[in-house]
There are 2 protein chains.
Amino acid sequence: MKFTCNQSVLTKALNIVSKAVTSRTTIPILKGILLEVSNNGTLKMSASDLDITIEETIEVENAESGSIVVQSKLFGDIIRKLPNADVSVEQEEGNVIIKCMNSQFSIIGLSPDEFPNIKDIEENQGNIVFNKTILKEMIRKTSFAASIDESKGVITGILIELLADGINMVAIDGYRMAITREAMINKEEKNVIISAKIMNEISKILSDASEEDENVKLFMSDKKAIFMIGSVKVVLRLLDGEFIKYKDVLPKDNKIKVKVNKGDLMESIERASLLSKEGKNNLIKMSIKDTIVTITSKSEEGNVKEEVIISKEGEDLDIGFNAKYVLDVMKSIDDEEVYMYFNTPITPCLVEPIEGEAFEYLILPVRITNN
Amino acid sequence: MKFTCNQSVLTKALNIVSKAVTSRTTIPILKGILLEVSNNGTLKMSASDLDITIEETIEVENAESGSIVVQSKLFGDIIRKLPNADVSVEQEEGNVIIKCMNSQFSIIGLSPDEFPNIKDIEENQGNIVFNKTILKEMIRKTSFAASIDESKGVITGILIELLADGINMVAIDGYRMAITREAMINKEEKNVIISAKIMNEISKILSDASEEDENVKLFMSDKKAIFMIGSVKVVLRLLDGEFIKYKDVLPKDNKIKVKVNKGDLMESIERASLLSKEGKNNLIKMSIKDTIVTITSKSEEGNVKEEVIISKEGEDLDIGFNAKYVLDVMKSIDDEEVYMYFNTPITPCLVEPIEGEAFEYLILPVRITNN
């Protein structure tokens with residue numbers, strides 16, 4: 001195995017592929033990157049933690065075919081610190097020799113035979129095309145609402161729902177729910193669930209990937225999905241199981257409708273939560289009355305009262321929330337104003353855009369006692 | 001106590017004063033900031049961890065004299081998160097009421113009687129004036145070489161040596177030594193030792209302080225020193241004890257003189273240390289031969305050879321170093337080229353500028369075995 005490649009090209013590709021390398025594994029080969037050179041002048045780099053596999057293929061010079069696994073961290077650090085010049089990489093028995101200007105490294109390689117072989121799925125299955133920016137936004141608006149408790153199965157994932165005329169992404173952790181929608185023509189209707197952690201990795205790759213390609217392709221089978229992002233290919237395992245019937249959770253009745261400036265509300269809740277953090281549940285109380293919502297919180301260190309102007313239809317209401325859950329939702333919204341719907345102090349609050357139906361958020365309240 | 005002040009003015013002052021607040025104390029009053037308002041319209045804010053006291057005085061409106069201590073973190077977080085508008089602060093019995101637009105906080109205050117009373121020194125003692133940029137640079141070039149082991153007494157400090165025609169700052173931790181020099185006319189010769197940790201705090205305050213004042217004043221007594229940085233006053237305890245007679249440590253004889261490009265040497269050592277980190281002492285070996293220094297290192301993961309072009313007077317030499325110690329020195333030097341002086345594989349290396357005597361660095365070698 002042998003190739004020559006510019007240092008910055010190699011660094012960029014390694015930065016993407018190494019995202020699939022987990023530091024937490026005890027299996028040495030999973031800390032490695034597989035280098036595969038073919039005589040036609042391409043280098044394919046692959047890394048995998050078994051849940052996600054990332055491959056990138058780049059063009060190289062002086063190619064002699066062969067394959068070897070190198071330690072991701074050491075190889076990456078070496079390449080990153082070399083000067084921006086041609087780097088030659090060559091296998092010499094079990095070692096890999098790296099040369100660049102006045103530098104010469106010899107590092108231990110591992111046999112490619114042990115590297116996990118992630119079989120591709122047929123790429124004509126469930127083929128859909130996303131705009132990169134839209135996909136990134138949909139991930140940002142939902143992933144925070146997925147459970148981070150790895151024992152929780154499907155609710156650690158994001159449900160991707162392909163409908164004939166659109167795509168929905170849904171995440172729910174039992175305390176809040178996030179739904180985003182985009183219009184899209186799909187040939188077939190299909191649902192898959194992908195780990196929110198992996199979707200966040202996809203989002204990072206979308207940021208790092210070349211700006212030439214505006215689109216991302218997604219192929220799906222029953223067990224796996226593949227994202228094709230320019231020259232980068234991400235193969236991932238789907239989460240297995242039945243997603244919560246989220247439409248049943250959405251409240252049918254919305255007696256109280258509040259229109260509020262999102263920025264004003266966020267800033268007031270952020271300040272109020274300075275005194276709620278000390279207490280249980282990060283509790284803030286919202287008193288919705290006429291044209292004002294009064295947000296209060298207290299701890300041993302003191303108390304706070306914030307007022308935000310609203311416009312309201314329906315009755316007055318006192319309701320408690322975990323400040324973090326409300327802030328997470330508001331942070332993910334770009335709109336200047338939103339609608340908040342309420343029913344009773346013990347039923348969830350629904351957050352929706354003023355126009356359209358690009359998102360819906362549901363936040364469970366916290367029971368408040370009157371003292 | 002009562003005052004009104006713009007939020008951003010208050011935030012800036014709090015950011016500086018709170019640097020003296022330690023989170024590690026078990027004494028609640030030391031987590032506080034003392035607010036002292038006088039009827040002539042000034043607010044003095046003070047914080048102290050007993051080793052260092054920072055005071056800043058700002059002009060305020062609606063001043064009613066009085067004093068109270070507030071919790072630094074909570075008060076600072078509240079002020080920082082308020083909108084950029086007028087903030088009114090008022091004492092109501094044991095509480096402090098903070099109002100700004102639609103926000104109102106009430107937080108618990110502490111009695112100012114318990115706050116440490118750091119007596120000033122007379123400000124006409126040992127008065128010297130620094131240029132801010134020069135002081136920051138001298139701190140940067142020396143503080144890394146002081147010991148971080150708090151049990152080590154004076155070598156955790158920086159020696160400030162006032163001479164009739166200049167100022168020297170010196171730090172030494174037993175493995176390396178840093179000396180910086182600046183020309184300056186001083187009325188009296190005097191030595192003081194100030195904790196390197198505190199000098200780094202001074203450096204941060206110099207960065208944060210208003211850019212109007214180019215100069216910093218330093219007053220010294222036997223036990224204390226005061227830095228006056230614009231409206232900020234820093235009172236600190238001097239370290240007590242005899243500093244190492246550093247001139248005795250400097251090698252008299254320098255048989256081998258090497259001129260090297262600092263950037264090239266740094267980059268090569270950084271790469272070589274990728275393989276030395278795993279081993280003991282972060283060891284790199286430098287083989288100085290004719291016009292080339294060859295830097296090598298090895299570990300279980302592989303080995304590396306780097307070559308850097310030099311010009312040399314004197315014999316060839318093989319010598320070992322802890323890569324970190326050489327890198328720390330090179331990072332603190334701005335010059336493009338430096339002289340490195342050597343004698344034997346077991347005597348320290350001296351680093352000096354090509355011209356002038358603005359700095360001298362001494363680095364102890366690590367004994368190398370021939371295998």
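The values are calculated or read from the model by the stated rules, or taken from the named source; none is laboratory data. On a predicted model such as this, the values are computed, not experimentally measured, just so you know. Please note: Cβ atoms are built from the backbone with ideal geometry, for glycine as well, and neighbour counts cover all protein chains shown. Each accessible area value is taken on the protein alone, full model and side chains, heavy atoms only, with ligands, DNA and RNA left out. Shrake-Rupley method; radii C 1.70, N 1.55, O 1.52, S 1.80 Å.
Which of A:Glu315, A:Glu300, A:Glu137 moves the most in a Gaussian network model of chain A with Cα springs under 10 Å? Result for chain A, Cα springs under 10 Å: A:Glu300 fluctuates most.
Report the charge-dipole magnitude of segment A:2-110 in Debye, nearest 20, computed about the Cα centre from +1 at each Lys and Arg Cβ and -1 at each Asp and Glu Cβ. Don't skip to the end; give the middle numbers.
Details: 10 positive and 13 negative charges, 92 e Å.
The calculated dipole for segment A:2-110 is roughly 440 debye.
The accessible surface of segment A:254-371, taken with every protein chain in place and a 1.4 Å probe, is 45 percent carbon and sulfur. Taking a Cβ cut-off of under 10 Å around A:Cys5, the surrounding Lys, Arg, Asp and Glu residues balance to a net charge of -3, with basic ones at +1 and acidic ones at -1.
Taking the Cα centre as origin and putting +1 on Lys and Arg beta-carbons and -1 on Asp and Glu beta-carbons, what dipole magnitude results for segment A:294-371, to the nearest 20 debye? The partial results should precede the final answer.
Values: 6 positive and 17 negative charges, 103 e Å.
That gives segment A:294-371 a dipole magnitude of about 500 debye.
Of A:Gly320, A:Ala183, A:Phe342, which is farthest along the charge dipole of chain A in the positive direction, counting Lys and Arg as +1 and Asp and Glu as -1 at C-beta? The one lying farthest along the dipole's positive direction is A:Gly320.
Scalar couplings 3J(HN,Hα) for segment A:41-52, obtained by applying the Karplus form with A = 6.51, B = -1.76, C = 1.60 to θ = phi - 60°, are x, 10, 10, 9, 10, 9, 9, 8, 10, 6, 7, 9 Hz; x denotes Gly and Pro. What does the C-alpha gyration tensor say about the overall shape of segment B:202-244? Classify as rounded when a/c is under 1.5, otherwise prolate if a/b is larger than b/c, or oblate. Note, shape of segment B:202-244 comes out prolate. Helical content alone sets the calculated 222 nm signal of chain A at -6000 deg cm²/dmol, taking -39,500 (n - 2.57) per DSSP H segment of four or more residues and averaging over every residue.
Taking amide H as placed 1.01 Å from N in the peptide plane, the amide H of A:Gly109 sits under 5 Å from that of A:Asn95, A:Val96, each at least 5 places away or on another chain.
With 30 Å² as the minimum drop in accessible area between chain alone and full protein complex (1.4 Å probe), the qualifying residues in segment B:25-74 are B:Gln71, B:Leu74.
Roughly what angle does helix B:132-142 make with the longest principal axis of chain B, taking Cα atoms, 0 to 90 degrees, to the nearest 10? Helix B:132-142 and the main axis of chain B meet at about 50 degrees.
How fast does segment A:2-110 diffuse by Stokes-Einstein, in µm²/s, taking the Kirkwood radius from C-alpha pairs at 20 °C and 1.002 mPa s? Don't jump to the answer; show the numbers that get you there.
Numbers: Rh = 13.7 Å.
So the translational diffusion coefficient is about 156 µm²/s.
Arrange the residues A:Val17, A:Val9 by how much accessible surface each exposes, largest first, with a 1.4 angstrom probe. Before the final figure, lay out each step's value.
Numbers: A:Val17 0, A:Val9 65 Å².
Of A:Val17, A:Val9, the descending order of accessible area is A:Val9, A:Val17.
Between copies, A:Thr22 shows label-point distances of 4.2 nm, shortest first, with the point placed 7 angstrom from Cα along Cα to C-beta. Here the simple spin-label model places points 7 Å from the Cα toward Cβ, and for A:Ser287 and B:Asp240 these points are separated by 5.8 nm. Cα extents for segment A:314-355 along the principal axes, largest to smallest and rounded to whole angstrom: 27, 24, 13. Mind checking how much accessible area B and A bury in total, 1.4 Å probe, in Å² rounded to 100? Answer for the B-A pair: about 2400 Å² buried. Annotation: amide H-H contacts under 5 Å for A:Glu337 (H modelled 1.01 Å from N, sequence separation of 5 or more, or interchain): A:Lys262.
Taking the centroid of alpha carbons for each part, segment B:22-87 and segment A:125-192 are 48 Å apart.
By its C-alpha gyration tensor, with a ≥ b ≥ c as the square roots of the eigenvalues, how is the protein assembly as shown shaped: rounded for a/c under 1.5, else prolate for a/b larger than b/c, else oblate?
On the way: a/c = 2.88, a/b = 1.09, b/c = 2.65.
Verdict is oblate for the protein assembly as shown.
Distant-in-sequence amide contacts of A:Leu238, defined by a placed amide H-H separation under 5 Å and a gap of 5 or more residues or a different chain, comprise A:Lys224, A:Ala225. Accessible area of A:Asp86 (1.4 Å probe, protein heavy atoms only, ligands and nucleic acids ignored): about 90 Å². Copy B relates to copy A by a rotation, and the B residue whose beta-carbon is nearest that axis, with the distance in whole angstrom, is B:Ser23, 15. Placing unit charges on the Cβ atoms of the charged side chains and taking the dipole of the protein assembly as shown about its Cα centre, the candidate lying farthest along the positive direction among B:Val216, A:Asn6, A:Ser332 is A:Ser332.
Taking Lys and Arg as +1 and Asp and Glu as -1, the other residues whose beta-carbon sits under 13 Å from that of A:Ser203 total +4. Expressed as a fraction of 2.2 N^0.38 Å, the value expected for a compact globular protein of N residues, the C-alpha radius of gyration of chain B is 1.21. Got a number for carbon plus sulfur as a percent of segment A:2-110's accessible area, 1.4 Å probe? Using a 1.4 Å probe with all protein chains present, segment A:2-110 comes out at 45 percent carbon and sulfur. The overall shape of segment B:201-276, judged from the alpha-carbon gyration tensor, is oblate: a/c is not under 1.5, and a/b is no greater than b/c. Taken as Cα centroids, segment A:210-286 and segment A:319-347 sit 13 Å apart, rounded to the nearest whole angstrom. Across all Cα atoms of segment A:250-363, the radius of gyration (one decimal) and Dmax (whole number) stand at 13.3, 43 Å.
The accessible-area ordering, largest first, of the residues A:Asp165, B:Asp113 stands as B:Asp113, A:Asp165, per a 1.4 angstrom probe. Checking every one of the GluC sites (Glu not before Pro) in segment A:197-247 against DSSP loop status and a limit of 14 other Cβ atoms within 10 Å picks out A:Glu211, A:Glu212, A:Glu214, A:Glu242. Computed on the Cα trace of segment B:95-176, the radius of gyration divided by the Kirkwood hydrodynamic radius gives Rg/Rh = 1.21.
In the context of the full set of protein chains, residues of chain B present 48 Å² of accessible surface per residue (probe radius 1.4 Å, heavy atoms only). Take the convex hull of the alpha carbons in segment B:161-253; its mean projected area over all directions comes to 7.4 nm².
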